[in-house]
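Input: a single structure, listed below in structure tokens.
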Amino acid sequence: MITWLTTTQAATFLASRGVTVVSRQGRQAPTPQTVKVWCQRGVLTQTQRIGGRQRGYYLGDQDELETFTPPAMGRPGGQAASPAAPAKRDAAEPRRSES
């Protein structure tokens, strides 16, 4: 029998198992919003979406959460956020006037 957990219950369950994610404040327990993103992206595969587009929520399988390890942080494939910007001229360098 499958035991379904809401995203809030899943986040609490993962925190009790010692699962952490990296955030600006360092490593911390996953939030319900993080679990929801994992459901939307297919990281958690045994999920069901209940409700409408705006008020819908996800249910996750407790058995899957028992063996779950969070995905690596960063962009997939190690891609840079944007291409390298061209070098800018030093602001301290005076401009030459054309006369």
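The values are calculated or read from the model by the stated rules, or taken from the named source; none is laboratory data. This one's a predicted model, so the numbers in the text were calculated from it and none came from an experiment. So basically every Cβ, Gly included, is an ideal-geometry build from the backbone, and we count neighbours across all protein chains shown.
Hey, can you tell me all the residues within region 31-48 that are touching a Cys at 6+ places or on another chain (Cβ under 6 Å) and exposed (fewer than 15 other Cβ atoms within 10 Å of the Cβ)? Once the filter is applied, which keeps residues that are touching a Cys at 6+ places or on another chain (Cβ under 6 Å) and exposed (fewer than 15 other Cβ atoms within 10 Å of the Cβ), region 31-48 yields nothing. Can we say A92 is more than 15 Å from the chain's Cα centre (by Cα), among the aliphatic types (A, V, I, L, M) and at pLDDT 85 or above? Considered against the rule, which asks whether it is more than 15 Å from the chain's Cα centre (by Cα), among the aliphatic types (A, V, I, L, M) and at pLDDT 85 or above, A92 comes out as no.
Restricting to strands (runs of 3 or more DSSP E) lying wholly in region 1-88: which have 1 or more residues that are at pLDDT below 75? Give the derivation first.
Values: elements: 4-6, 21-23, 26-28, 47-50, 57-61.
Answer list for region 1-88: 57-61.
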